């Protein structure tokens, strides 16, 4: 005769209700992750645009710092006077700069402010400022 084996309730396996709850929890987690991916892509694109705008502004600052004091590109006012210089493969960025001669006792300095603007999910801009000495 075979000895009877008694199994306790906890050793019988998982129930259908437990499986359904596990599926529900996993589905909720996967859907939550699915909603985060587009947000991460938008944030990455926004950061790329900002980085490129900073590079464009820094590039213009470096170009202007090599000019002599009397260069026409360093006359007071906005350059270019129109809407700006289109940058990027599709003209996504617009760049312009303002030159202002400083008042005495700093009259040997010119303040250069470079602004890069772009419109991606709303208007944005980056400004870089530098000074040129006579």
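Nothing in this text is a laboratory measurement; each read-out follows from the coordinates by a stated rule. Keep in mind that what you see is a predicted model, and the values were worked out from it rather than measured. We place every Cβ from the backbone using ideal geometry, glycine too, and count neighbours over all the protein chains shown.
Taking other Cβ atoms within 10 Å as a rough exposure proxy, 90, 124, 79 sort from fewest to most as 90, 124, 79.
With 10 Å bins beginning at zero, the pair-distance distribution over Cα atoms of the stretch 14-133 amounts to 12, 30, 20, 12, 9, 8, 6, 3, 1 %.
Answer rounded, prolate or oblate for the stretch 79-133, using the Cα gyration tensor with square roots of eigenvalues a ≥ b ≥ c: rounded when a/c is under 1.5, else prolate when a/b is larger than b/c, else oblate. Each step should come with its number before you reach the end.
Numbers: a/c = 3.48, a/b = 2.60, b/c = 1.34.
In terms of gyration-tensor shape, prolate.
Here each label is just a point 7 Å from Cα along the line to Cβ, and for residue 22 and residue 73 those points are 6.8 nm apart.
Springs between alpha-carbon pairs under 10 angstrom, Gaussian network model over the chain: which of 85, 62, 18 fluctuates most? Per the Cα network of the chain with a 10 Å cutoff, 18 tops the list.
Estimated from helical segments only, the mean residue ellipticity of the chain at 222 nm is -14000 deg cm²/dmol, where each DSSP H run of four or more residues counts as -39500 (n - 2.57). Quick one: among 104, 55, 40, which has the greatest mean-square fluctuation in a GNM of the chain with alpha-carbon springs under 10 angstrom? Highest fluctuation of the listed residues: 104. Comparing 99, 114, 68 in a Gaussian network model of the chain where C-alpha atoms under 10 Å apart are linked, the largest mean-square fluctuation is found at 68.
Take every pair of alpha-carbon atoms less than 8 Å apart whose residues are at least six positions apart; their mean separation over the length of the stretch 14-133 yields a relative contact order of 21 percent.
Computing FRET efficiency as 1/(1 + (r/R0)^6) for residue 41 and residue 108, where r is the C-beta to C-beta distance and R0 is 35 Å, gives about 0.10. Once the Cβ-Cβ distance of residue 125 and residue 30 is raised to the sixth power relative to R0 = 35 Å, the FRET efficiency obtained is 0.35.
Based on the Cβ-Cβ distance from residue 58 to residue 83, what FRET efficiency comes out when R0 is 25 Å, to the nearest 0.05?
On the way: r = 21 Å, r/R0 = 0.85.
That pair, residue 58 with residue 83, gives E of 0.70.
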